[in-house]
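Report on the following structure.
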Amino acid sequence: YSIVDDAWAATVAGEMSADELLELLEGFVDERDHGVWQAVVIALVGLSRLVDADALDALRARVRALLAPALDALGPPAAGEPDLTGKLRGLLTRTLGALGQDDAVRAGCRELFVAARRGDTVDAELLAAATTVVAVTGDADDYDTMLDGFTDAATPQEQLRHLYALAEFDDAALIQRTCELAMTDAVKTQNAPFLLRAAIANRFHGRQAWNFVKSNWDEANRRFPANTVVRMVDSVKLLASSEDVADAAAFFAEHPIEQAVQTLEQILERQRVNAALRDREHERFTASLLSHERR
C-alpha cells in the first residue's frame, strides 16, 4: 500500500512519470489485498484523467489486463468469506466495469441490477458496484429506473445508492437533470451538496455540473447547511485545465466561502497541482500508451 501510495504522490509531484507509475502498478497483478487494490485503483483513476480518446481506450485495455485476473481468482461470493474479500470483489467489479469498460463485467452488472430490482437477493458489495456500472453505461431509460429506485427505496442505504448513481451517467442531458434534481425538495438538503459534488466529479460532464453550481450559487447557499457548501465544491480540484483553474480562482474571488477559507484554499491548490500534472504528462503519457498498444 505504501509503495503504491508513495508512487502516486511522486507522480503528482513530478518525480515519477505516468508511464513509469503504470508499469509499477502492472506489477501488482497477483495482489489480493483490498487495501493495496484501493491504492492501485486511486492511481489508475488519476492516470485516466491525464488522457483522452484513443489513449484513454489504450489505458482501459491495460486496466482490464491488470484487474481481471484478480477478480477471476476471487470467484463468486461464498458463505462465511471475510468481509474484505467481498469489498475487494466489489471494488474490482466496479473498476473493471466503469473504468475498464469490460463488456462481460458490464453485462454481469446489468443482470445483477435487474435481479435486485425484481426483488432477488444480491450480494451487497456486488450490487453497489453493479449500480455504479449500470449508471456509467446507462441511457435515459436506465436513468428513470435509477430515479425510481431512489424514490421507492425500502432503506436509506438503497435510496442513497440510487441517488448518487444519478451523477455517474455519461450524458449531458441526464447530468443536467441530476443537477436540477439536487435543487428540489425531492433531495434532502444534507444529501444534495454531495450529489452535486459527485456530478462535478463526472469524468466527461463535470464542467457542465460546475457551471450549474456557479449559476445557482446563491440558491445553494440558502438551501444547504453552511458546512456542506465547501464539501460540495471539493470536486472542482478534478477540473484540471488552465482555463478551469483561472475560472475557479475568479469565481471564488467574488464568491468566498467565509466559513471554510482554508479548506477552499486547499481545494484550489490541489486543482493547480492536478492541472500541472496534466500539463506535464498529457502528451508524454498519450504517446507512451499508443506506442505500447502498437507493439
Where nothing but the Cβ of Lys and Arg (+1) and of Asp and Glu (-1) is charged, how large is the charge dipole of the chain around its Cα centre, in debye to the nearest 20? 260
If R0 is 22 Å, what FRET efficiency do you get for Ala249 and Asp52 from their C-beta distance, rounded to 0.05? 0.35
Of the residues Ala199, Leu74, Tyr1, the Cα lying farthest along the dipole of the chain towards its positive end, which is defined by charges on the beta carbon of Lys, Arg, Asp and Glu, belongs to Ala199
Cα Rg, Dmax, segment 89-233, angstrom units: 15.0, 45
For Ser242 paired with Arg222, estimate the spin-label separation in nm (one decimal), with each label point 7 Å from Cα along the Cα-to-Cβ line. 3.9
Convex hull over the alpha-carbon atoms of segment 1-156: what's its volume per residue in Å³? 131
Solvent-accessible surface ranking, highest first, for Glu168, Glu31, Glu269 at 1.4 angstrom: Glu269, Glu168, Glu31
Tell me the carbon and sulfur percent of the accessible area for the chain, rounded to whole percent, probe radius 1.4 Å. 49
Normalised contact order of the chain, rounded percent, pairs of Cα under 8 Å and 6 or more residues apart: 16
Taking R0 as 22 Å and r as the Cβ-Cβ distance between Asp30 and Ala104, the FRET efficiency 1/(1 + (r/R0)^6), rounded to the nearest 0.05, comes to 0.60
The extension gain from Ala173 to Arg203, computed as 0.36 nm times the residue separation minus the Cα-Cα distance, is 9.3 nm
Considering every Cα-Cα pair within the chain, what fraction, in whole percent, is farther apart than 36 Å? 17
Can you spot the lysines whose alpha carbon is less than 27 Å from Lys188's alpha carbon? Ignore those fewer than 8 places along the same chain. Lys214, Lys237
Contact order relative to length for segment 68-213, counting C-alpha pairs under 8 Å separated by 6 or more residues, stands in percent at 15
Take the Cα atoms of segment 142-295, find their three principal axes, and give me the spread along each one in whole Å, biggest first. 50, 42, 24
Taking a probe of 1.4 Å, how large is the accessible area per residue of segment 88-244, in Å²? 43
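The values are calculated or read from the model by the stated rules, or taken from the named source; none is laboratory data. Please read all numbers here as calculations on a predicted model, not as lab measurements. Please note: Cβ atoms are built from the backbone with ideal geometry, for glycine as well, and neighbour counts cover all protein chains shown. Quick note on the areas: whole protein, heavy atoms, side chains included, nothing else; ligands and nucleic acids left out. Shrake-Rupley method; radii C 1.70, N 1.55, O 1.52, S 1.80 Å.
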